[in-house]
Amino acid sequence: MTRYLTAAMASLTVLGIETSCDETAAAVLRLEDGEPRVLSDIILGQVAHHAPYKGVVPEIAARAHVEGLDATIAAAMREAGLGFADLDGVAATAGPGLIGGVMVGLLAGKAIALAHDKPLVAVNHLEGHALSPRLATGGATFPYLLLLVSGGHCQFIAVLDVGVYRRLGTTIDDALGEAFDKVAKLLDLGFPGGPLVEAAARQGDSTRFALPRPMLGREGCDFSFAGLKTACAREVARLGHPSDQDKADLCASFQAAILDVVADRTTNAMRLFDPMWGATGRLVAAGGVAANQAIRARLEELAAERGYDFNAPPLKWCTDNAAMIALAGAERLRLGFSDDLSFPARPRWPLDEMAARLRPSHKPGRKGAKA
Amino acid sequence: MSGAPLVLAIDTSLDSCSVALARGDEVLASATETMQRGQAERLAPMVKDVLATAGVRFSELDRVTVTTGPGSFTGVRVGLSFARALAMALNKPCIGVSTLEVLALRAGERGLRAAAIAAPGASYVALYEDGAALIAPRACLADEREALVAAQVGARAVAWTGPGVGADIVALARRAAGVDPALYPPNPTYLRAPHVTLPADAA
């Protein structure tokens, strides 16, 4: 990372590019006196590409990103009413994520930056999510306790400032969104599974199946969902051919277990956060699973009990998007940082590298911690 | 040759990262590094260096061209996503040329020219006569290459390139200078479906 002279730039306009999973996205954002304004925000989804496989297939995702990215960037520029020369920088997700797709967006970002001699910011996708609550007007102010829950990630992060993050807890196996998707797959509900499980749960009896609450009552704020998923698989096997009501009841029981676990872990995360960074009273949820209304409601309830403000970005900025990448890029530029054109795509890139090294969530192996 | 277009050529589809800047037959600057991975890191700095060496500004480029494969899926995407975005940002045409076409026509266009690429678990072939495709790039078995070509042209002599030869970046630049961009879109030539099977119950 190199220092780039942006002294006295009260206004920064940045193109953001996001291709780390199954959304091809581009956005233009202007940061004016610290206030973000999203000028355009385009997302090209790939659900139809992956639906037959009931999950995201990395090679298919990478191919779709190549096909769709140019037009997505062009649309974002057009909607913002700007030319590339009007930009102050280009921000592209450089990881963590599916490496094939990350490369597509990062290389496109490098090319645009090079063509117009603009600084490149290689953004950590998790930093995008961590800052996403600040996209909305009057969004969260630092520091805040963030629950980041998506298909690939499940962490508590103390967001102290731009670039200053402390991971307090993480999942030791599956991400929360992954657990939702796997249950959807077990029940043949379709893809993507999260919203379908949530919808089915609304029609079901949450007390019918006695499912485990992994990690409940344990010290710290780590998660584990593998056992809960296995318990669901066992119930599905026992049911043989589950009826629609069986499915709804299992979804409801599964979501009830999730709510208990999330509430318990969040309480512990608050207990860790408060003494270290003062009782700021700000709890934020981000990531695709933060779009789940039941989880939002439970977090809101919990926050109220403990005198916290609860904040979650609008739904469109919970799931993967490029506005949050543009914001992270603009914030970094404002601090005078940009990256080299040789920056690598990183499939693994912990936001808090220190925490990941000290307390790896996965066996580190030769490739290092995942996130 | 000052009337010829100024072409930036990029190839990352096989085992190297190559960049050349050419006007007609004159190569203003070029760079090639052998690598099986790492093109995503090296490509942009190499392009920057090649233009700087030639003293050319990006805005002066007339065309950007890139090999479309077949080759490594990742390598193909690195080159294509970079070249496409660069051309878009400069508002200039981006010309995609099959790696097989670049190989076959490396020494010129006249006569019968064929190219072969061998990758783990796959083999690819194409055949051209005076620069026009008789066999468009396709996958085949390694031991049916010769027969496929013979079926088209009988006993006539064919100049072969490959397998095991890298794409000549200058040949790519020269080819791209003369073709109609509308006929050479920068789309990947994977020639192989993603390695994935449908869930058993999805049929």
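The values are calculated or read from the model by the stated rules, or taken from the named source; none is laboratory data. Keep in mind that what you see is a predicted model, and the values were worked out from it rather than measured. Reconstructed Cβ throughout: ideal geometry from the backbone, glycine too, with neighbour counts over all protein chains shown.
Residues that are buried (at least 24 other Cβ atoms within 10 Å of the Cβ), touching a Cys at 6+ places or on another chain (Cβ under 6 Å) and either within 29 Å of B:Ala126 (Cα to Cα) or in the same structural domain as B:Ala171 (by TED's automatic domain parsing) (or both): does region B:27-42 have at least one?
Scanning region B:27-42, I find at least one residue that is buried (at least 24 other Cβ atoms within 10 Å of the Cβ), touching a Cys at 6+ places or on another chain (Cβ under 6 Å) and either within 29 Å of B:Ala126 (Cα to Cα) or in the same structural domain as B:Ala171 (by TED's automatic domain parsing) (or both), so the answer is yes.
Output the number of residues of region B:71-107 satisfying the condition of being of a type in the set (Phe, Trp, Tyr) and in contact with a strand residue (DSSP E or B) (Cβ under 9 Å, 6 or more places away or on another chain).
Within region B:71-107, residues that are of a type in the set (Phe, Trp, Tyr) and in contact with a strand residue (DSSP E or B) (Cβ under 9 Å, 6 or more places away or on another chain) number 1.
I'm checking my understanding of the structure. Among residues of region A:50-91 that are hydrophobic (A, V, I, L, M, F, W, C), in contact with a Pro (Cβ under 7 Å, 6 or more places away or on another chain) and assigned to a helix (DSSP H, G or I), which one is nearest to B:Val196 (Cα to Cα)?
Within region A:50-91, the match that is nearest to B:Val196 (Cα to Cα) is A:Ile60.
If you scan region B:157-203, which residues turn out to be farther than 21 Å from A:Arg63 by Cα and among the polar types (S, T, N, Q)?
The one that is farther than 21 Å from A:Arg63 by Cα and among the polar types (S, T, N, Q): B:Thr161.
In region B:111-125, how many are in a loop (DSSP other than H, G, I, E, B) and out of contact with any strand residue (DSSP E or B) (no Cβ under 9 Å at 6 or more places or on another chain)?
2
B:Val66 - would you say it is within 14 Å of chain A (Cβ to nearest Cβ) and within 14 Å of the chain's Cα centre (by Cα)?
When the stated conditions are applied, B:Val66 passes them.
Would you mention how many residues in region A:90-115 are at positive phi and more than 12 Å from every other protein chain (Cβ to nearest Cβ)?
Here the count works out to 1.
What about B:Ala118, is it more than 17 Å from B:Tyr190 (Cβ to Cβ) and either at pLDDT 95 or above or away from every other protein chain (no Cβ under 11 Å) (or both)?
For B:Ala118, the condition - more than 17 Å from B:Tyr190 (Cβ to Cβ) and either at pLDDT 95 or above or away from every other protein chain (no Cβ under 11 Å) (or both) - is not met.
What residue, among those in region A:46-63 that are small (Gly, Ala, Ser), out of contact with any Asp or Glu (no Cβ under 8 Å at 6 or more places or on another chain) and in contact (Cβ under 8 Å) with a residue 40 or more places away in the chain, is nearest to the other protein chains (Cβ to nearest Cβ)?
A:Ala62
Taking the residues in region B:154-197 that are free of Cβ contacts under 8 Å to residues at least 40 places away in the same chain, within 14 Å of another protein chain (Cβ to nearest Cβ) and of a type outside the set (A, V, I, L, M) as candidates, determine which candidate is farthest from B:Ala4 (Cα to Cα).
Taking the candidates together, the pick is B:Thr197.
Among the residues of region B:44-63, write down those that are touching a helix residue (DSSP H, G or I) at 6+ places or on another chain (Cβ under 8 Å) and within 11 Å of chain A (Cβ to nearest Cβ).
B:Ala44, B:Val47, B:Lys48, B:Leu51, B:Arg57, B:Phe58, B:Ser59, B:Leu61
Take B:Gly69 and decide whether it is assigned by TED's automatic domain parsing to the domain that holds B:Val170, within 22 Å of B:Tyr184 (Cα to Cα) and buried (at least 19 other Cβ atoms within 10 Å of the Cβ).
So B:Gly69 passes the test.
Going residue by residue through region A:234-247, is there one that turns out to be touching a residue at least 60 places away in the same chain (Cβ under 8 Å) and surrounded by fewer than 23 Cβ atoms within 10 Å (Cβ to Cβ)?
no
Taking the options A:Lys182, A:Lys118, name whichever one is within 14 Å of chain B (Cβ to nearest Cβ), within 30 Å of B:Leu8 (Cα to Cα), in contact (Cβ under 8 Å) with a residue 24 or more places away in the chain and in contact with a helix residue (DSSP H, G or I) (Cβ under 8 Å, 6 or more places away or on another chain).
Matching residue, one of A:Lys182, A:Lys118: A:Lys118.
Tally the residues that are aliphatic (A, V, I, L, M) and over 30 Å from A:Lys185 (Cα atoms), restricting the search to region A:27-61.
Total satisfying the criteria: 6.
Given (1) over 19 Å from A:Arg346 (Cα atoms); (2) at the interface with chain B (Cβ under 10 Å from one of its Cβ atoms), identify the lone condition not met by A:Gly68.
The failed condition is (2).
The conditions are (1) within 14 Å of chain B (Cβ to nearest Cβ); (2) under 30 Å from B:Leu43 (Cβ atoms), and A:Val162 fails exactly one of them. Which is it?
Failing condition for A:Val162: (1).
Identify all residues within region A:336-353 that are away from chain B (no Cβ under 14 Å) and either crowded, with 17+ Cβ neighbours inside 10 Å or touching a strand residue (DSSP E or B) at 6+ places or on another chain (Cβ under 9 Å) (or both); write none if there are none.
Listed by number, the residues that qualify are A:Gly336, A:Phe337, A:Arg348, A:Trp349, A:Pro350, A:Leu351, A:Asp352.
Mind checking whether some residue in region A:233-249 is closer than 15 Å to A:Ile295 by Cα and in contact with a helix residue (DSSP H, G or I) (Cβ under 6 Å, 6 or more places away or on another chain)?
no
If a residue must be touching a Leu at 6+ places or on another chain (Cβ under 7 Å) and within 17 Å of B:Thr189 (Cβ to Cβ), how many such residues does region B:11-22 contain?
2
If you take the residues in region A:6-45 that are in contact with a His (Cβ under 8 Å, 6 or more places away or on another chain) and in a loop (DSSP other than H, G, I, E, B), which one is nearest to the other protein chains (Cβ to nearest Cβ)?
A:Thr19
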